[in-house]
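The values are calculated or read from the model by the stated rules, or taken from the named source; none is laboratory data. A quick note: this is a predicted structure, and the numbers were derived from the prediction, not measured. For neighbour counting, all protein chains shown are included, and Cβ atoms are generated from backbone atoms with ideal geometry for every residue, glycine included. Heads up: the accessible areas ignore ligands, DNA and RNA and are worked out on the full protein's heavy atoms, side chains in. Shrake-Rupley method; radii C 1.70, N 1.55, O 1.52, S 1.80 Å.
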Amino acid sequence: MAKTTLALNRRGFVKAGVGLLAMTVMPSGLIVGNAWAQMPRSAKPDTFAALVQMSRDCYPHEAVADSYYANAVSVLDEAARSSEADLALLEDGVAELDAAAREKGGTDYKSLPDEADRVAILEAMGEADPFFQKVRSNLVVGLYNQKELWPIFGYEGASADQGGYIDRGFDDIDWV
Amino acid sequence: MPAPYDLNDDSVVVIVGSGAGGGTLGTQLALKGIDTVILEAGSRHETWDFINDEWDSFAQLAWKDKRRTSGDWRVSKDFPNLPAWIVKSVGGSTVHWAGASLRFQEHEFKTKTHYGELADANLLDWPIDLTEMEPWYAMAEDRMGVTRTNGIPGLPGNNNFKVMEAGAKKIGYKEVHTGRMAINSEPRDDRGSCLQIGFCFQGCKSGAKWSTLVAEIPKGEATGKLEVRPDCMVLKIEHNDAGKVTGVVYADKEGRMQRQKARMIAVAGNSIESPRLLLNSASSKFPDGLANSSGQVGRNYMRHTTGSVYGIFEKPVHMYRGTTMAGIIRDEAKHDPSRGFVGGYEFETLSLGLPFMAAFLDPGKWGRDFSSAMDGYANMAGMWIVGEDMPRADNRVTLSDEKDEHGMPIPDVHFDDHENDTAMRNHAYKQGAAIYDAVGAVRTIETPPYPSTHNLGTNRMSEKPEDGVVNRFGQAHDISNLFVSDGSQFTTGAAENPTLTIVALALRQADHIAGRMAKGEL
Ligand SMILES: Cc1cc2nc3c(=O)[nH]c(=O)nc-3n(C[C@H](O)[C@H](O)[C@H](O)COP(=O)(O)OP(=O)(O)OC[C@H]3O[C@@H](n4cnc5c(N)ncnc54)[C@H](O)[C@@H]3O)c2cc1C
Ligand code: SF4
């Protein structure tokens with residue numbers, strides 16, 4: 001079931017996502033690129049789906065569709081193509097989450113129905129865990145730097161090409 | 001026309017760095033007819049190259065060479081290789097800067113006298129005072145076109161300012177306005193006025209904001225007496241047997257080593273790179289590094305006591321629209337120890353775009369609490385705290401055992417908050433939240449300091465050679481033809497944003513150097 005949903009999602013974002021995002025160097029030194037348009041598939045599909053769920057659990061936004069989280073995960077997935085160690089980190093990390101989910105009586109992490117249960121698993125794993133670190137720190141840029149997602153948050157992006165805000169509401173609020 | 005000087009021309013003044021200090025000094029020397037070469041590690045990006053996108057702009061302009069950190073500051077944990085957010089590009093950090101331009105207060109030049117002995121603080125009086133600096137401040141304000149000086153009107157207040165102003169007045173603050181900003185509120189100096197673009201930190205695409213890139217260096221180059229050589233990373237300063245400096249070794253764009261001779265050298269690489277360069281220039285004659293007989297090179301690193309407060313409201317603010325920092329509250333800038341700390345602080349409006357907000361609001365945080373704050377982005381107002389931090393001997397820049405691509409040791413920046421810094425920050429967090437609460441904030445958030453944008457003090461100015469690195473003119477106590485021309489000269493940090501003082505000092509230094517040269521003393 002999860003696989004089907006994922007396939008749809010991934011097709012969806014591939015369609016919408018060509019040439020989305022000119023990525024850059026994060027403070028951590030991680031370099032990410034606009035690679036998801038190439039349908040990366042380094043991790044197993046179940047792993048990919050779990051990473052998408054984990055991403056949403058880290059930064060849950062009701063208004064943000066799965067495709068955006070999948071875009072962010074694709075960046076990790078792409079990096080894992082050229083690095084055995086990176087790939088192992090993702091696969092092993094998800095395996096650990098799944099094992100913890102089974103201890104809670106579920107089949108795997110991504111199918112645990114209750115967000116609180118999934119979050120508890122992430123918390124138990126701990127912020128210092130290299131796998132957790134990798135997924136979360138990638139999201140800070142990989143998720144929030146997607147321009148298509150900015151309007152959802154009410155951020156308007158570049159303005160010089162539109163003449164700035166001098167005639168477009170830099171001082172338009174009247175509630176104070 | 002930019003004058004290309006020969007590598008073996010030992011009649012030129014060489015300046016390391018083209019930012020607030022170096023770009024101003026180089027231009028002013030050229031205007032006085034002195035042959036000057038500025039070596040700049042970064043590339044030359046002009047106004048039309050700037051990008052209205054936070055991460056892309058960061059990739060274009062920021063200093064990203066690896067650095068290390070240590071100490072108890074949170075930056076060291078969250079951004080272990082990025083202690084400072086500053087620029088590597090012609091124009092230096094004046095390309096990124098927001099334009100807030102404030103004079104020091106009188107007592108801030110004499111903190112040891114006014115604050116007294118403070119445990120674990122290496123306070124020292126500046127060898128100069130406000131009276132002596134006033135004409136140079138006036139000249140700098142005119143040069144930079146600072147609003148609310150020289151008859152220049154203030155900038156209009158944006159939404160972010162309106163929220164802060166209303167809250168500040170409600171809790172009784174009096175000195176609240178749109179700041180003294182080196183941003184044109186009306187056309188001036190062949191540059192247009194601010195279009196409220198809102199990407200001041202990404203390089204102003206309208207040219208309204210003063211920077212050495214747009215407002216100084218072109219004037220220097222027009223004299224035919226200034227050459228700005230980009231993509232040149234200075235690695236070492238050389239000297240002769242008499243202990244005078246003779247030239248620099250630098251890596252050019254292709255990574256080739258070059259040697260530029262010089263009659264005099266001024267170091268202006270900002271407060272991490274300047275001491276790094278002096279320390280890396282150690283020789284058998286100067287085993288602890290150049291100009292370091294006091295042992296103070298690299299010490300007393302200051303970064304201002306900072307932090308931010310964000311308020312989330314029921315209605316939209318769109319704080320990112322318009323000038324990033326045109327808004328200030330000055331009531332807390334005074335020295336009033338009854339608050340539980342010495343020195344003072346300012347509140348200034350601040351906004352980040354969504355991408356930087358995600359990275360800096362509460363680094364490392366995740367979960368509903370964090371993401372719900374991000375959900376409130378459109379309704380968010382923001383302010384920055386900037387206050388005086390205490391110089392400490394062990395807050396310092398040192399050379400680590402790791403080398404960069406040119407074989408130069410990378411710097412380690414060690415910083416521990418002084419208890420005075422912490423007390424001040426907590427006071428400011430409380431007041432900042434009260435400001436937003438007074439106008440109906442549904443939530444306020446205390447954001448920890450960002451990687452340092454103000455870096456100061458690592459080659460401090462002192463009356464006596466044993467107390468510091470340079471004298472009242474920024475001239476090294478130990479070496480008469482070596483100067484320091486950037487924020488690393490600061491003896492103490494004051495509550496005010498530093499750049500106006502850096503520029504005023506550079507103008508004064510140029511006058512001094514030209515005078516001494518005319519007399520044949522340099
Ligand atoms: C986002 C941001 C906002 C700011 N807002 C304000 C504000 O509103 N008001 C204010 O007063 N200040 C502000 N500042 C601070 C201000 O920009 C700095 O204080 C000021 O530019 C420092 O001047 P400087 O000459 O010491 O160094 P810089 O301006 O940083 O210049 C140093 C230059 O030296 C070059 N360099 C370094 N090492 C070498 C080397 N070895 N060889 C060759 N070149 C080298 C660097 O590439 C750089 O270009 C802000 C800074 C930032 C980053
Ligand atoms: S808001 Fe004004 S100063 Fe800032 S970038 Fe825009 S035009 Fe330049």
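If only residues of the stretch B:158-206 that are open to solvent by less than 30 Å² (accessible area, probe 1.4 Å) and at positive phi are counted, the one that is farthest from ligand 1 (Cβ to nearest atom) is B:Gln196. Evaluation of B:Ile265 against the conditions (1) of a type in the set (Val, Ile, Thr); (2) touching a Pro at 6+ places or on another chain (Cβ under 9 Å); (3) over 16 Å from B:Pro83 (Cα atoms) shows that the sole unmet condition is (2). Does B:Met383 satisfy the criteria of being touching a residue at least 12 places away in the same chain (Cβ under 8 Å), assigned to a strand (DSSP E or B), crowded, with 23+ Cβ neighbours inside 10 Å and among the aliphatic types (A, V, I, L, M)? Against the criterion (touching a residue at least 12 places away in the same chain (Cβ under 8 Å), assigned to a strand (DSSP E or B), crowded, with 23+ Cβ neighbours inside 10 Å and among the aliphatic types (A, V, I, L, M)), B:Met383 qualifies. Of the numbered criteria (1) modelled with pLDDT of 95 or more; (2) away from chain A (no Cβ under 14 Å), the one B:Glu117 fails is (1).
Yes or no: B:Ala495 under 18 Å from the mean Cα position of the chain (by Cα) and in contact (Cβ under 8 Å) with a residue 60 or more places away in the chain? When the stated conditions are applied, B:Ala495 passes them. Within the stretch B:192-206, being free of Cβ contacts under 8 Å to residues at least 40 places away in the same chain and either more than 10 Å from chain A (Cβ to nearest Cβ) or more than 7 Å from ligand 2 (Cβ to nearest atom) (or both) holds for B:Gly192, B:Ser193. Residues of the stretch B:98-117 that are more than 15 Å from the chain's Cα centre (by Cα) and either open to solvent by less than 40 Å² (accessible area, probe 1.4 Å) or within 16 Å of ligand 1 (Cβ to nearest atom) (or both): B:Gln105, B:His107, B:Glu108, B:Phe109, B:Thr111, B:Tyr115, B:Gly116.
Within this structure, B:Gly172 passes the test of being over 17 Å from B:Lys209 (Cβ atoms), among the small types (Gly, Ala, Ser) and away from every other protein chain (no Cβ under 14 Å). The residue of the stretch B:207-231 that is farthest from B:Gly33 (Cα to Cα), among those that are within 12 Å of ligand 1 (Cβ to nearest atom) and either within 14 Å of chain A (Cβ to nearest Cβ) or assigned to a loop (DSSP other than H, G, I, E, B) (or both), is B:Lys209. Looking at the stretch B:17-35 only, could you name the residues that are farther than 14 Å from B:Arg263 by Cα, buried (at least 24 other Cβ atoms within 10 Å of the Cβ) and hydrophobic (A, V, I, L, M, F, W, C)? If the condition is that a residue be farther than 14 Å from B:Arg263 by Cα, buried (at least 24 other Cβ atoms within 10 Å of the Cβ) and hydrophobic (A, V, I, L, M, F, W, C), then B:Ala20, B:Leu25, B:Ala30 are the ones that fit.
Highlighted here are the strands (runs of 3 or more DSSP E) found entirely within the stretch B:242-304 that include at least 3 residues which are hydrophobic (A, V, I, L, M, F, W, C), open to solvent by less than 30 Å² (accessible area, probe 1.4 Å) and closer than 21 Å to B:Asn455 by Cβ: B:264-267.
Would you please name the residue that is nearest to the other protein chains (Cβ to nearest Cβ), looking only at residues in the stretch B:42-57 that are open to solvent by 20 Å² or more (accessible area, probe 1.4 Å) and of a type in the set (D, E, K, R)? Only one residue fits best here, namely B:Asp56.
The rows are residues; the columns are (1) farther than 22 Å from B:Arg276 by Cβ; (2) touching a strand residue (DSSP E or B) at 6+ places or on another chain (Cβ under 6 Å).
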{"residue": "B:Leu350", "(1), (2)": "yes, yes"}
{"residue": "B:Leu354", "(1), (2)": "yes, no"}
{"residue": "B:Lys365", "(1), (2)": "yes, no"}
{"residue": "B:Tyr377", "(1), (2)": "yes, no"}
{"residue": "B:Val413", "(1), (2)": "no, yes"}
{"residue": "B:Ala423", "(1), (2)": "yes, no"}
{"residue": "B:Thr447", "(1), (2)": "yes, yes"}
{"residue": "B:Thr453", "(1), (2)": "no, no"}
{"residue": "B:Met461", "(1), (2)": "no, yes"}
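A single entry from B:Tyr429, B:Tyr450 fulfils the requirement of being within 14 Å of another protein chain (Cβ to nearest Cβ) and of a type in the set (Phe, Trp, Tyr): B:Tyr450. Taking A:Ala100, is it more than 10 Å from chain B (Cβ to nearest Cβ) and either open to solvent by less than 20 Å² (accessible area, probe 1.4 Å) or free of Cβ contacts under 8 Å to residues at least 60 places away in the same chain (or both)? Against the criterion (more than 10 Å from chain B (Cβ to nearest Cβ) and either open to solvent by less than 20 Å² (accessible area, probe 1.4 Å) or free of Cβ contacts under 8 Å to residues at least 60 places away in the same chain (or both)), A:Ala100 qualifies.
Do you know which residues across the stretch A:68-97 are open to solvent by 30 Å² or more (accessible area, probe 1.4 Å) and either charged (D, E, K, R) or under 16 Å from the mean Cα position of the chain (by Cα) (or both)? Listed by number, the residues that qualify are A:Tyr68, A:Glu78, A:Ala79, A:Arg81, A:Glu84, A:Asp86, A:Glu91, A:Asp92, A:Glu96.
Within the stretch B:449-465, can one find any residue that is assigned to a loop (DSSP other than H, G, I, E, B), basic (Lys, Arg) and open to solvent by 10 Å² or more (accessible area, probe 1.4 Å)?
yes
For B:Tyr377, the conditions (1) open to solvent by 10 Å² or more (accessible area, probe 1.4 Å); (2) more than 27 Å from the chain's Cα centre (by Cα) are fulfilled apart from (1). Note on the stretch B:79-97: residues that are in a loop (DSSP other than H, G, I, E, B), near ligand 1 (Cβ under 7 Å from one of its atoms), open to solvent by 10 Å² or more (accessible area, probe 1.4 Å) and among the hydrophobic types (A, V, I, L, M, F, W, C) total 2. For beta carbons closer than 7 Å, sequence separation of 6+ or different chains, a first residue in the stretch B:83-112 that is within 14 Å of another protein chain (Cβ to nearest Cβ) and without any contact (Cβ under 8 Å) to a residue 60 or more places away in the chain and a second that is of a type in the set (Phe, Trp, Tyr) and away from ligand 2 (no atom under 16 Å from the Cβ), the qualifying pairs are B:Lys88/B:Trp63.
Restricting the stretch B:302-317 to residues that are of a type outside the set (A, V, I, L, M) and in contact with a Leu (Cβ under 9 Å, 6 or more places away or on another chain), which is farthest from the other protein chains (Cβ to nearest Cβ)? Filtering the stretch B:302-317 for residues that are of a type outside the set (A, V, I, L, M) and in contact with a Leu (Cβ under 9 Å, 6 or more places away or on another chain), the one farthest from the other protein chains (Cβ to nearest Cβ) comes out as B:His304. Of the residues B:Gly327, B:Gly376, B:Gly343, the single one that is within 12 Å of chain A (Cβ to nearest Cβ) and within 27 Å of B:Asn420 (Cβ to Cβ) is B:Gly327. Screening the stretch B:102-199 for helices (runs of 4 or more DSSP H) wholly inside it with 1 or more residues that are within 29 Å of A:Glu156 (Cα to Cα) returns the ranges B:159-170. Using the structure shown, decide if B:Ser372 is of a type in the set (Gly, Ala, Ser) and in contact (Cβ under 8 Å) with a residue 12 or more places away in the chain. So B:Ser372 does not fit the description; no.
Taking the condition in contact with a helix residue (DSSP H, G or I) (Cβ under 6 Å, 6 or more places away or on another chain), open to solvent by 20 Å² or more (accessible area, probe 1.4 Å) and within 30 Å of B:Ala119 (Cα to Cα), does B:Gly340 pass? Criteria met by B:Gly340.
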